[in-house]
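S.K.: Here it is: the structure, laid out below.
The values are calculated or read from the model by the stated rules, or taken from the named source; none is laboratory data. What you see is a predicted model; the values in this text were computed from it and never measured. Here the Cβ positions follow ideal geometry from the backbone for every residue, glycine too, while neighbour counts run over all protein chains shown.
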Amino acid sequence: MAEYLQKNKIFNPEGDDSIANRTIIKGNVTGLFNLGDVKYNWAKQMYQVMIGNFWVPEKVSGLQDDAIVYKQGLSPAEQRAYRGIISFLTFLDSLQTVNLPHFSDYITSSEVNLILSIQSYQEAIHSQSYTTILETVVDAKEREEIYYFWRDDKHLLKRNKFIGDIYQRFLDEPNDKNFFAGIIGNFLLESLYFYNGFAFFDTLAYNSKMIATGRMINYIRRDELTHVAIFANILKEIKKEFPEMWDEKLINEMFAEAVKQEIDWTHHILGNDIPGISKDSTVKYTKYLANTRLAMLNMPPLYPDEMSNPYKHLEAMADNNSEKTNFFESTVVNYTQSSSMKGTWDF
């Protein structure tokens, strides 16, 4: 039986927080957040960006207008897709809010623990955002159906179980293999599972529909881009410090399965009835995304024929407040609000 990883102690007087002995996992730490002595500078940079990106859904105006468009301006197919995608995104962020602290329990770097705590908070904000959308846009009788859409939709149930089971295996048996698979699962969830849903909302906004929902999604995506970078960096640190845990075959297998499920689900929930999105564009976009995410891990593409974004006309929709992420460097550049944080954790 594989040896279990040990959770961090709340307080460990025998711990050693020195940079020389610090590792991303399996370290012997005191439990003190010594943020003046940092090994992983990417975490320090991510902190600045994440704090600078603070927002709350109540500040996003226009959802009342979306309520009118939802009833009068969306086709039945667009309404169904809107409900189904909101249901899936709500599940993903609910899972992350609850589950991230379980993984943080095994991260032995205070600077990385810090940004995972901020991420968990942001996931809760995202869940609140979806609730705000539903309470404003759709009728009360539809909300319960949306939250529990998976109970009647076998495609969504399969997706939710696939993700939930990866995390549950680690909670039940916290060994190296299950931890590594769980971190890949986190990376896939943040970097692949959301994005066909985002493309749907971007397409609606591009066609001048559900503008406020699109604005809310832009804020959520801006957060998710930092989450993608966090887990890419965690994986690369594991490869550097614990090469025996690195399993490229498992990464490719999990990516291939995630791509298949993402395509199947998107075809199911969108069909051929959404102007601007086709089954072919969904396949191309999902495989393109998988390639860009693998590149963040310095891995070759799984789908070498799909190296360009088929939704080039939507790229401007993702450029929220000029915040851009360089996926290949796994850093976020072009800070905006983060300048106000100088003096708090300056670098």
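Each row is one residue, and each column tells you yes or no for (1) crowded, with 16+ Cβ neighbours inside 10 Å; (2) under 23 Å from residue 87 (Cβ atoms); (3) in contact (Cβ under 8 Å) with a residue 40 or more places away in the chain.
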residue: 250; (1), (2), (3): no, no, yes
residue: 253; (1), (2), (3): no, no, no
residue: 277; (1), (2), (3): yes, yes, yes
residue: 288; (1), (2), (3): yes, no, no
residue: 292; (1), (2), (3): yes, no, no
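S.K.: To continue, here is another question. Quick check on my filter: what residues within segment 149-164 are part of a loop (DSSP other than H, G, I, E, B) and either touching a residue at least 24 places away in the same chain (Cβ under 8 Å) or touching a His at 6+ places or on another chain (Cβ under 7 Å) (or both)?
M.R.: Start the filter on segment 149-164 by keeping residues that are part of a loop (DSSP other than H, G, I, E, B), which leaves 152-153.
The one that is part of a loop (DSSP other than H, G, I, E, B) and either touching a residue at least 24 places away in the same chain (Cβ under 8 Å) or touching a His at 6+ places or on another chain (Cβ under 7 Å) (or both): 153.
S.K.: Restricting to segment 42-98, give me the number of residues that are more than 18 Å from residue 201 (Cβ to Cβ) and either surrounded by 17 or more Cβ atoms within 10 Å (Cβ to Cβ) or in contact with a helix residue (DSSP H, G or I) (Cβ under 6 Å, 6 or more places away or on another chain) (or both).
M.R.: 16
S.K.: Right, something else. Going through segment 232-280 one residue at a time, which ones are assigned to a helix (DSSP H, G or I), under 22 Å from the mean Cα position of the chain (by Cα), farther than 26 Å from residue 305 by Cβ and not charged (D, E, K, R)?
M.R.: Within segment 232-280, 233, 234, 238 meet the criteria.
S.K.: If you don't mind, another one. Of the residues 90, 30, which is assigned to a helix (DSSP H, G or I) and polar (S, T, N, Q)?
M.R.: Unique residue meeting the criteria: 90.
S.K.: Please verify whether segment 22-34 includes one or more residues that are crowded, with 17+ Cβ neighbours inside 10 Å and among the hydroxyl-bearing types (Ser, Thr, Tyr).
M.R.: Checking segment 22-34: at least one residue is crowded, with 17+ Cβ neighbours inside 10 Å and among the hydroxyl-bearing types (Ser, Thr, Tyr).
S.K.: Given the condition in contact with a Pro (Cβ under 7 Å, 6 or more places away or on another chain) and surrounded by fewer than 16 Cβ atoms within 10 Å (Cβ to Cβ), answer yes or no: does some residue in segment 225-246 qualify?
M.R.: We begin by selecting, within segment 225-246, every residue in contact with a Pro (Cβ under 7 Å, 6 or more places away or on another chain); these are none.
Checking segment 225-246: not a single residue is in contact with a Pro (Cβ under 7 Å, 6 or more places away or on another chain) and surrounded by fewer than 16 Cβ atoms within 10 Å (Cβ to Cβ).
S.K.: Conditions: (1) in contact (Cβ under 8 Å) with a residue 40 or more places away in the chain; (2) crowded, with 23+ Cβ neighbours inside 10 Å. Residue 221 meets all but one. Number of the miss?
M.R.: Unmet condition: (2).
S.K.: Further question on the same structure: How do the pairs read when you match residues in segment 46-69 that are more than 16 Å from residue 117 (Cβ to Cβ) and in contact (Cβ under 8 Å) with a residue 40 or more places away in the chain with residues anywhere that are in a loop (DSSP other than H, G, I, E, B) and of a type in the set (Lys, Arg), using Cβ under 8 Å and keeping only pairs 6 or more apart or on different chains?
M.R.: Filtered contacts from segment 46-69: 69/209.
S.K.: Moving on to the next point. Does residue 201 satisfy the criteria of being at pLDDT below 95 and buried (at least 21 other Cβ atoms within 10 Å of the Cβ)? Please lay out each step first, then the result.
M.R.: Working: at pLDDT below 95: no; buried (at least 21 other Cβ atoms within 10 Å of the Cβ): yes.
No.
S.K.: Taking segment 36-77 only, how many residues are in a loop (DSSP other than H, G, I, E, B) and in contact with a Lys or Arg (Cβ under 8 Å, 6 or more places away or on another chain)?
M.R.: Within segment 36-77, the first condition is being in a loop (DSSP other than H, G, I, E, B), and the residues that meet it are 36-40, 53-56, 60-62, 73-75.
Retained after the next criterion (residues that are in contact with a Lys or Arg (Cβ under 8 Å, 6 or more places away or on another chain)): 38-39, 53, 60, 62, 73-74.
Qualifying residue count for the region: 7.
S.K.: Which one of these is farther than 20 Å from residue 98 by Cβ and either under 18 Å from the mean Cα position of the chain (by Cα) or not hydroxyl-bearing (Ser, Thr, Tyr) (or both): 165, 176? Explain how you work it out, then say what you get.
M.R.: On the way: 165 fails: farther than 20 Å from residue 98 by Cβ.
The match here is 176.
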